[in-house]
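Chemist: One structure is given below, represented as structure tokens, and several questions about it will come after.
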Amino acid sequence: MKKENSRRDFIKKSAALALGTLAATSVANKALATTDILEKEMLLVPEGGKFTLPKLPYEYDALEPHIDKLTMEIHYSKHHQAYVTNLNKAFDALAPDVAKNLADLDDVFANMDKLPVAMRNNAGGHFNHTFFWRTMKPKGGGIPTGKLADAINATYMSFDEFKKQFADASMKRFGSGWTWLVANKGKLSIGSTANQDNPLMKLDSVEIKGKPVLALDLWEHAYYLKNQNRRADYIASFWNLVDWEKANELFENAK
Ligand code: MN
């Protein structure tokens, strides 16, 4: 017990030294942070409290037949919950000097290169799933709207070509990860990340950077019960669920 405590103290002190001064985000910048548009209170670091699993914005069976009820139930209540639980553990293990500078997940991602891997996996898992649930909706799909539609057409020539490139990136991801459409200084790009990494994380290994506009979970837990090994079928189903109004809102706020 004693040994564990001193080890934990050592880790805390080391982490505090390694962090030095955290990149402070000004209040003005916060107004345009990605997490704002996703009901910010869900992603704030709770003061003396715990991160909690945000309510799913629809019933488990609401995305049928494209994503089945059992997959949604397990994905949300088991997988997403586990990221939240483990994020709380990882956060509690941080040195107080480090933790006090992390006001929300934007701060966590901006300092990702200086934080433990448990923060990376679980803050990523919490944000990515929260984002994923909120950029899909029952009876979604159709075609992009607003300025995002213009940007997609300007960047990819057509919506079909955009979908093809997004699907290609999804098929090429080996193992678990995510596909993203991001905006970076108004420019769109498609890419994928491994595990629970995301384009907001300050990490050299994350190749795509920018504000998320759309995300697709490529972990087998997201589709295996219905689609088994057929990732392509799952990707095709996703186009029936995208909330393009929300994606446009995220794009317009991503300046
Ligand atoms: Mn998942």
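Chemist: With of a type in the set (A, V, I, L, M, F, W, C), open to solvent by 30 Å² or more (accessible area, probe 1.4 Å) and more than 16 Å from the ligand (Cβ to nearest atom) as the only criterion, which of W244, W239 stands out?
Modeler: W239
Chemist: Then there's this: With the requirement that a residue be more than 19 Å from N229 (Cα to Cα) and either within 16 Å of the chain's Cα centre (by Cα) or touching a residue at least 60 places away in the same chain (Cβ under 8 Å) (or both), what does the stretch 161-183 give you?
Modeler: Within the stretch 161-183, K163, W180, L181, V182, A183 meet the criteria.
Chemist: Wholly within the stretch 51-150, which helices (runs of 4 or more DSSP H) include no fewer than the required count, namely at least 1 residues that are open to solvent by less than 30 Å² (accessible area, probe 1.4 Å) and more than 16 Å from the ligand (Cβ to nearest atom)?
Modeler: 81-92, 96-99, 105-110, 117-134
Chemist: Mind counting the residues in the stretch 48-86 that are of a type in the set (F, W, Y) and over 19 Å from the mean Cα position of the chain (by Cα)? Even if it seems obvious, please write down each step before you answer.
Modeler: Our first condition is that a residue be of a type in the set (F, W, Y); within the stretch 48-86, this holds for 51, 58, 60, 76, 83.
Subset that is over 19 Å from the mean Cα position of the chain (by Cα): 60.
Residues flagged as of a type in the set (F, W, Y) and over 19 Å from the mean Cα position of the chain (by Cα) within the stretch 48-86 amount to 1.
Chemist: List every residue pair whose Cβ atoms lie under 9 Å apart, where the two residues are 6 or more positions apart in sequence or sit on different chains, the first residue falls within the stretch 185-209 and is in a loop (DSSP other than H, G, I, E, B) and among the β-branched types (V, I, T), and the second residue, located anywhere, is surrounded by fewer than 20 Cβ atoms within 10 Å (Cβ to Cβ) and at pLDDT below 95.
Modeler: Taking only residues 6 or more apart or on different chains, the pairs are I208/N184.
Chemist: So which residues in the stretch 199-213 are surrounded by fewer than 14 Cβ atoms within 10 Å (Cβ to Cβ) and either closer than 21 Å to A151 by Cα or of a type outside the set (D, E) (or both)?
Modeler: S205
Chemist: Got a sec? Which of L188, L181, L216 is within 14 Å of the ligand (Cβ to nearest atom), more than 23 Å from L115 (Cβ to Cβ) and open to solvent by less than 60 Å² (accessible area, probe 1.4 Å)?
Modeler: Values: L188 fails: within 14 Å of the ligand (Cβ to nearest atom); L181 fails: within 14 Å of the ligand (Cβ to nearest atom).
Going through L188, L181, L216 in turn, just one is within 14 Å of the ligand (Cβ to nearest atom), more than 23 Å from L115 (Cβ to Cβ) and open to solvent by less than 60 Å² (accessible area, probe 1.4 Å): L216.
Chemist: OK, next. Working only within the stretch 151-160, note down all residues that are free of Cβ contacts under 8 Å to residues at least 60 places away in the same chain and either within 16 Å of the ligand (Cβ to nearest atom) or assigned to a helix (DSSP H, G or I) (or both).
Modeler: I152, N153, A154, T155, Y156, F159, D160
The values are calculated or read from the model by the stated rules, or taken from the named source; none is laboratory data. All figures in this text were calculated on a predicted structure; none of them were measured in a lab. Counting neighbours? That spans all protein chains shown, and the Cβs are built from the backbone with ideal geometry, glycine included. Note: accessible area is taken over every heavy atom of the protein model, side chains too, but ligands, DNA and RNA are not part of it. Shrake-Rupley method; radii C 1.70, N 1.55, O 1.52, S 1.80 Å.
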